[in-house]
Amino acid sequence: GESVGLHLPTLSVQEGDNSIINCAYSNSASDYFIWYKQESGKGPQFIIDIRSNMDKRQGQRVTVLLNKTVKHLSLQIAATQPGDSAVYFCAETVTGANNLFFGTGTRLTVIP
Amino acid sequence: NAGVMQNPRHLVRRRGQEARLRCSPMKGHSHVYWYRQLPEEGLKFMVYLQKENIIDESGMPKERFSAEFPKEGPSILRIQQVVRGDSAAYFCASSPHPGQPSGNTIYFGEGSWLTVV
């Protein structure tokens with residue numbers, strides 16, 4: 001069911017360290033996954049995506065890992081910077097669907 | 001986020017009033033999605049529209065909420081007789097492709113924050 005009014009999970013890291021943000025997705029039929037970054041007062045920004053025929057994908061400073069067996073997704077950010085401070089959401093969908101299902105989100109705080 | 005324009009960015013309404021939120025998609029995009037975000041929560045899908053057609057409104061509340069995307073002009077999300085529980089951020093996204101949004105081709109606007117007092 002939906003959770004209402006719960007505080008976001010938080011992750012605090014030192015500047016320069018690596019960050020790992022986790023997401024458990026709900027639908028075993030989902031075959032496309034996206035990570036978004038949302039800064040305060042702004043809309044979600046695309047970071048990286050991955051399809052279910054892959055288990056790893058790398059971008060610039062970011063890596064997404066997909067474990068379909070346990071329905072788990074993670075986002076790794078290398079050499080975290082203060083500008084990375086934001087809320088990070090994973091989103092899932094099924095090929096042919098019209099919408100994305102967003103997870104609860106994790107608030108990342110980078111300590112200078 | 002560049003290109004998807006939403007207005008107003010902030011809107012305050014008294015209970016019982018109407019709220020109208022507008023979304024102009026990116027140039028060349030004819031597919032519009034509306035999502036709602038409550039504080040400290042993820043975005044929840046509301047409706048998917050193409051020009052002059054509602055394709056999927058499975059996330060829209062059955063009463064008081066409506067959406068349109070006319071042939072000319074922006075997409076409008078309309079909330080009649082607002083209640084305090086309608087207070088949220090409403091995000092519009094647009095895509096050039098139909099059906100399943102692809103992560104690097106769906107773009108979100110900056111959102112409209114509705115506060116009902």
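Observations on the model:
- Filtering B:Ser87, B:Ser102 for residues that are within 14 Å of another protein chain (Cβ to nearest Cβ), open to solvent by less than 50 Å² (accessible area, probe 1.4 Å) and modelled with pLDDT of 95 or more leaves a single hit, B:Ser87.
- Some residue of region B:14-21 being within 14 Å of chain A (Cβ to nearest Cβ), at pLDDT 95 or above and on the phi < 0 side of the Ramachandran plot: yes
- Pick from region A:85-112, criterion touching a helix residue (DSSP H, G or I) at 6+ places or on another chain (Cβ under 8 Å) and part of a strand (DSSP E or B), ranking: farthest from the other protein chains (Cβ to nearest Cβ): A:Val110
- The one condition in (1) surrounded by fewer than 13 Cβ atoms within 10 Å (Cβ to Cβ); (2) free of Cβ contacts under 8 Å to residues at least 24 places away in the same chain that A:Ser12 fails to fulfil: (2)
- Residue in region B:12-22 that is over 26 Å from A:Pro9 (Cα atoms), out of contact with any His (no Cβ under 7 Å at 6 or more places or on another chain) and polar (S, T, N, Q) present: yes
- Residue in region B:57-77 that is open to solvent by less than 20 Å² (accessible area, probe 1.4 Å), facing chain A (nearest Cβ under 10 Å), closer than 28 Å to B:Arg14 by Cα and in contact (Cβ under 8 Å) with a residue 24 or more places away in the chain present: no
- For region B:23-44, a residue qualifies if it is within 11 Å of another protein chain (Cβ to nearest Cβ) and either of a type in the set (Phe, Trp, Tyr) or surrounded by fewer than 24 Cβ atoms within 10 Å (Cβ to Cβ) (or both), and the qualifying residues are B:His31, B:Tyr33, B:Trp34, B:Tyr35, B:Arg36, B:Gln37, B:Leu38, B:Pro39, B:Glu40, B:Glu41, B:Gly42, B:Lys44.
- The C-beta contact set for region A:52-64 (first residue farther than 20 Å from A:Ser28 by Cα, second residue part of a loop (DSSP other than H, G, I, E, B) and not β-branched (Val, Ile, Thr), distance under 6 angstrom, 6+ apart or interchain) comprises A:Arg61/A:Ala78.
- Sole exception among (1) crowded, with 19+ Cβ neighbours inside 10 Å; (2) closer than 17 Å to B:Trp113 by Cβ; (3) in contact (Cβ under 8 Å) with a residue 60 or more places away in the chain for B:Glu18, by number: (1)
- Residue within region A:65-87 that is of a type in the set (Ser, Thr, Tyr), touching a Lys or Arg at 6+ places or on another chain (Cβ under 8 Å) and more than 30 Å from B:His10 (Cβ to Cβ) present: no
- Within region A:24-38, the set of residues being closer than 14 Å to A:Ala97 by Cβ, open to solvent by 40 Å² or more (accessible area, probe 1.4 Å) and of a type outside the set (Ser, Thr, Tyr) comprises A:Asn27, A:Ala29.
- Listed by position, the strands (runs of 3 or more DSSP E) enclosed by region A:42-84 that each have at least 3 residues that are within 13 Å of chain B (Cβ to nearest Cβ) are A:45-51.
- The conditions of being surrounded by 14 or more Cβ atoms within 10 Å (Cβ to Cβ), at pLDDT below 95 and assigned to a strand (DSSP E or B) are not met by A:Ile21.
- Region A:39-62 - residue that is open to solvent by less than 20 Å² (accessible area, probe 1.4 Å) and of a type outside the set (A, V, I, L, M, F, W, C) and, of those, nearest to B:Ala88 (Cα to Cα): A:Gly43
The values are calculated or read from the model by the stated rules, or taken from the named source; none is laboratory data. A quick note: this is a predicted structure, and the numbers were derived from the prediction, not measured. Methodologically, a virtual Cβ is constructed for each residue, glycine included, from the backbone with ideal geometry; neighbour enumeration extends over all protein chains shown. Calculation scope for accessible area: heavy atoms of the full protein, side chains included, ligands and nucleic acids excluded. Shrake-Rupley method; radii C 1.70, N 1.55, O 1.52, S 1.80 Å.
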